[in-house]
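Okay, so here's the structure we're looking at.
The values are calculated or read from the model by the stated rules, or taken from the named source; none is laboratory data. The structure displayed is predicted, hence computed values, not measured ones. No Cβ is skipped: glycine too gets one built from the backbone with ideal geometry, and neighbour counts run over all protein chains shown. Quick note on the areas: whole protein, heavy atoms, side chains included, nothing else; ligands and nucleic acids left out. Shrake-Rupley method; radii C 1.70, N 1.55, O 1.52, S 1.80 Å.
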Amino acid sequence: KWTAALGVNYTDHLVDEWRWFSRVDYTYKGKMFIDYTNLAWVQAANRVNVSAGVDNDKLRFTAFVRNLTKNSTPPSVTRITNGFYNFFPPRQHSINYTLPEKRTFGVAVSYDF
């Protein structure tokens, strides 16, 4: 029923032509029902991503953490009925479950030509 996203970015001068920056992103996805009966559902999810780094007009170094709080809620769960089998018993049903994103650390470097 509810989704929300909030991002905060801060940049300031570091030294000479270099700037430093930081960013925090928060996303919320409310309780998700898997099918029309509303009997099966996935709990609400809160995710936080952070990044920080330095850059100038050509070069950018960034360190980041995705899923900082180690939220283990799956991003997607859906119930599927195979249309072909709807005409011939037994009907085939399945639930597709997307694995949760693990906490990820990384470094990125980019260069503008």
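General remarks:
- Cβ-derived FRET efficiency at R0 35 Å, Trp18 paired with Thr104, nearest 0.05: 0.85
- At R0 = 41 Å, FRET efficiency that the Cβ-Cβ distance of Val54 and Trp2 yields, to 0.05: 0.65
- Across the chain, the mean sequence separation of Cα contacts (distance under 8 Å, 6 or more residues apart), normalised by length, yields a relative contact order of 21 percent.
- The stretch 29-72, relative contact order in percent, only Cα pairs under 8 angstrom and at least six apart counted: 31
- Å² of accessible area per residue within the chain, as computed with a 1.4 Å probe and no ligands counted: 76
- Set the Cα radius of gyration of the chain against 2.2 N^0.38 Å, with N its number of residues, and you get 1.59.
- Over all other residues within a Cβ to Cβ distance under 13 Å of Tyr26, the charged ones net out to +3, with Lys and Arg as +1 and Asp and Glu as -1.
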